Structure formats: C-alpha cells, structure tokens
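Below is one structure, written out as structure tokens; the observations come after it.
We did not get these values from a lab; they are worked out from the coordinates using the rules stated. As the structure is a prediction and not an experimental result, all values here were calculated from the model. Virtual Cβ from ideal backbone geometry, glycine too; neighbours counted across all protein chains shown.
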Amino acid sequence: MKTMISNIDINDIDLKELKKHAKLISEGKTVIFPTETVYGLGANALDENAVKKIYEAKGRPSDNPLIVHIYNKKEVYNLAKDISEKAEVVMEKFWPGPITIILNKKSIVPKTTSGGLNTVAIRMPSHKIAREIIKQAGVPIAAPSANISGRPSPTKAKHVQEEMNGRVDGIVLGGDSNFGLESTVLDLTGNTPMILRPGSITKEDLEDVLGEVVIDPSLSKKEDNKKAKAPGMKYTHYAPDADVYIVSGTADDVIIKINNLIQDNIKKGLKTGVMCLDENKDKYNGEVVTLGNTLEEVASKLFDVLREMDKRNVDIVYSEEFESTGLGQAIMNRLLKSAGYKIIKA
Ligand code: AMP
Ligand code: MG
C-alpha cells in the first residue's frame, strides 16, 4: 500500500496538507496521527469497513475494542446513552485530555468498533493536530495505538515510520507525544467508577472529583489477567524482542543483583540491557538506557526505551521497579505487561 506521509508542525499547522489526511478518513481510509498520549491509527469510527482496516493494519484481535476520538463534547450524546452525573464531571474536568470513558453505546456505533460489546470507549484528545484532523474529517475517529499488536506503543515519529509505513493510507508526523503512555480508561457504566487501564490521569486525580474510584483488581496479577474488564489488557503487550524482567528491592540491592545477573549472562554469551533512573546509570555494567529522573520522564520515555533495546540487540533486559502510586501505577502496569509479570527479588 502506498502511504501518504506529511510532516506537520504543531505550532504552525499546514491546514491544506492536514486536510488531505482528513479526506482520507472521510473516504473510509486509515491515517496515523499524533496525540498527546501516543500516536493513533485512525479511521471513521462509524464505518464498519473502515474500522476493519485498523484491525488488519495492526494485526489486532477483533474482540479488542477501539477508542472513539471526538472533537466536540456534543458528540458523546450521539454515541452513548445513560450518561451519568459522574461522567459529566469527568468530561468537564479532564477533557480535552488523556482520559477515555466507557459508556453504554448507541446503535450508531458499529459492533466492530466496540469489539462486540454494548459499551463504547470515548476520548476527546487535547493535541492540536489530533483535534484538527477530527474536526476536518467531520466524523468521530476510532484510533488505537499505531503499533503492530503486542509491540510498544509509538511515542515518536520515527517509531511510526519504522513500523507502519506501507500498512496505512496516511501518516501525519507531528513530533513526540507529550505523556507517552496511553490514556487512562475509566468505566462509568457501574455505580463506582472503575479504572480499567491506569494512565497519566491517576486514581488520586479522579478521586478528588468523584469520590470513590476503584482499579480493576485483575490488573495486578498475571493469573487474573484473563478476567480484565478491558479486553485489551488480557493480551501480551509492550513487548520488545528481548526477555524483560523487573528487579525489585532497595536501590542498593537492585544494583548489586542486576550486576551479578549481568556477569552470569556474559558467561552464557547473552547481552544484557538495563533500564534505570538517570542517577543510577553509571552503576551498571550492561547496555544502560536511562528512563530519566522523574515519574513524568519515565512515563514519556518508557516505550522509546523498550524499542531502543531492540535496536541494541540485547537478549535480556532488567528494569528497576517504580512505586505503584500516582503516575507510578500506570508505569508499573506497562512495565509488568512488557515483562510478562516476571519479577526478580533482589
Ligand atoms: P488502545 O486503543 O490500543 O489504546 O487500547 C484501548 C484500550 O481500551 C484497550 O485495552 C481496550 O480493550 C479498552 N477498551 C476499549 N473499549 C472498551 C470498552 N467498551 N470496554 C472496556 N474496555 C475497552
Ligand atoms: Mg494499544
């Protein structure tokens, strides 16, 4: 497939160029575009044939529903019903932004888009290019992360070019994603709001405005994963080619443990990568790629670092562990999935 590729400057959007991609969407074709979370692979959410092309391009299982991206809050009322007061609060407080809400769907949303469910996932992104393309296309856009299913989500233009050129009709390149982790997914169909996927908008942020919020309990353990309420959380995800392990313990113990493991790996002829905070980068003997210093930096760099490990052809990757509160919750969720829940105690 020939892919139309355009570079768009977020600070000076070339509307004529962007409209070519919006036109592709309105014609039922697929276009990749940047959002504030990760790059999305979009098509008209209300056109079943267009949506099928997304699943094909990604190799995504058809029971894994897509997030519908909208330009205007009014669109929610066309797509969903039984919209609660709490849903109104979330939309008012956090949109446009990196949170997706699950609501009961109206029949206008094809089952292909909702992965066969009676609910629909909706988000209003804040990224200027994403907003403009949805506005110009004039339709809600279903857009999962623009990676081949199972791979880390793309957060940089180069990730998209390397992986998706030739698999979609259009690609809009527009710099790096701001947050670097996919949106928080919040189910608002029950009495108590439930986080189905942690993201940059945290449980604590949500509790400030909603009162009690729970996290889908099946997310924390591999054995429970099959019960995850977001179908996408059941699948292997974010995995580089190398075998990833999280090493847990006090900072000093983790450093000693990882260095010992690296020595064992050298004897076996295996090349080791290490993912760590910037402050620890000189303490390891392997192929070190730093994740930055703050949780915000770790979130924005994580997928890029996982891809970097593939480039460096390492066989095994060890990652330091992060705290499981606030933004750390989302980081550990992605790390655990990329590691297939393998944790080594230091
Ligand atoms: P992605 O599109 O790759 O960012 O993934 C979207 C995530 O939202 C996946 O984990 C989906 O399974 C989840 N999701 C989308 N729609 C629904 C829904 N109606 N109910 C529950 N989870 C959903
Ligand atoms: Mg994804």
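Could you point to the residue in I10, I25, L41 farthest towards the positive end of segment 1-46's charge dipole, with +1 and -1 charges on the Cβ of Lys/Arg and Asp/Glu respectively?
Going by the Cα projections, it comes out as I25.
If Lys and Arg each add +1 and Asp and Glu each add -1, what is the summed charge of the other residues whose beta carbon sits under 15 Å from the beta carbon of D282?
Its environment carries a net charge of -3.
Show me the ranking of peptides 261-270, 152-161 by mean Cβ neighbours inside 10 Å, starting with the highest.
Descending mean neighbour count gives 152-161, 261-270.
Please state the charge dipole magnitude for segment 165-220, taken about the Cα centre, from unit charges on C-beta atoms (+1 on K and R, -1 on D and E), reported in debye and rounded to the nearest 20.
260 debye
So what is the calculated 222 nm ellipticity per residue for the chain, using -39500 (n - 2.57) for each DSSP H run with n of 4 or more, over all residues, to the nearest 500 deg cm²/dmol?
Calculated mean residue ellipticity at 222 nm is -9500 deg cm²/dmol.
Can you tell me what the convex hull of the Cα atoms of segment 208-271 projects to on average, as an area in nm²?
Reported value for the Cα convex hull: 7.5 nm².
What is segment 249-317's relative contact order, in percent, from Cα pairs under 8 angstrom and six or more apart in sequence?
Relative contact order for segment 249-317 comes out at 31 percent.
Can you compute log10 of I(q)/I(0) for segment 242-346 with the Debye formula, treating each Cα as one identical point scatterer, at q = 0.18 Å⁻¹?
-0.79
From the phi angles alone, apply the Karplus equation (6.51, -1.76, 1.60; θ = phi - 60°) to segment 228-243 and give each ³J(HN,Hα) in whole Hz, x where the residue is Gly or Pro.
Per-residue couplings from phi come out as 3, 6, 8, x, x, 6, 6, 8, 4, 7, 6, 9, x, 5, 6, 8 Hz.
Pairwise over distinct Cα atoms, reciprocal of the mean inverse distance: report the Kirkwood radius of segment 169-307 in Å, one decimal place.
In segment 169-307 this quantity evaluates to 17.8 Å.
With 10 angstrom as the radius, rank V31, V209 by how many other C-beta atoms surround their C-beta, starting from the fewest.
V209, V31
Would you mind working out the magnitude of the charge dipole of the chain relative to its Cα centre, with +1 at each Lys and Arg C-beta and -1 at each Asp and Glu C-beta, to the nearest 20 Debye?
Here the chain has a charge dipole of around 1320 debye.
Residue-wise, which Karplus ³J(HN,Hα) couplings in Hz belong to segment 334-346, taking 6.51 cos²θ - 1.76 cosθ + 1.60, θ = phi - 60°, and x for glycine or proline?
Result, ordered by residue: 5, 5, 4, 5, 5, 8, x, 6, 7, 10, 10, 7, 7 Hz.
Segment 39-118: Rg/Rh from Cα coordinates, Kirkwood Rh?
0.96
Rank T189, T250, T202 by mean-square fluctuation in a GNM of the chain with C-alpha springs under 10 angstrom and give only the top-ranked residue.
Among T189, T250, T202, the largest mean-square fluctuation in the Gaussian network model of the chain belongs to T250.
Ordered by packing density, taken as the mean number of other Cβ atoms within 10 Å over each peptide's residues, highest first, how do 71-80, 273-282 rank?
273-282, 71-80
Compute for segment 83-147: radius of gyration divided by Kirkwood radius, i.e. Rg/Rh, restricted to C-alpha atoms, rounded to two decimals.
Result for segment 83-147 is an Rg/Rh of 0.96.
Give me the Kirkwood hydrodynamic radius of segment 112-211 in Å, from all C-alpha pairs, to one decimal place?
15.8 Å
Relative contact order of the chain, please, whole-number percent, based on alpha carbon pairs below 8 angstrom and at least 6 residues apart.
19 percent
Antiparallel DSSP bridges in segment 48-136: what percent, to the nearest 5?
Antiparallel bridges make up about 65 percent of those DSSP assigns within segment 48-136.
If amide hydrogens are placed 1.01 Å from N in the peptide plane, which non-local residues have theirs closer than 5 Å to the one on M4?
G170, I171
Ranking request for peptides 167-179, 12-24: highest mean number of other beta-carbon atoms within 10 Å first, then the rest in descending order.
Ranking, from highest mean packing down: 167-179, 12-24.
Quantify how much of the Cα-Cα distance distribution of the chain extends past 32 Å, in percent.
So the pairs more than 32 Å apart make up 29 percent of the total in the chain.
I'd like the Kirkwood hydrodynamic radius of segment 1-153, using the inverse of the mean 1/r over distinct C-alpha pairs, in Å.
15.4 Å
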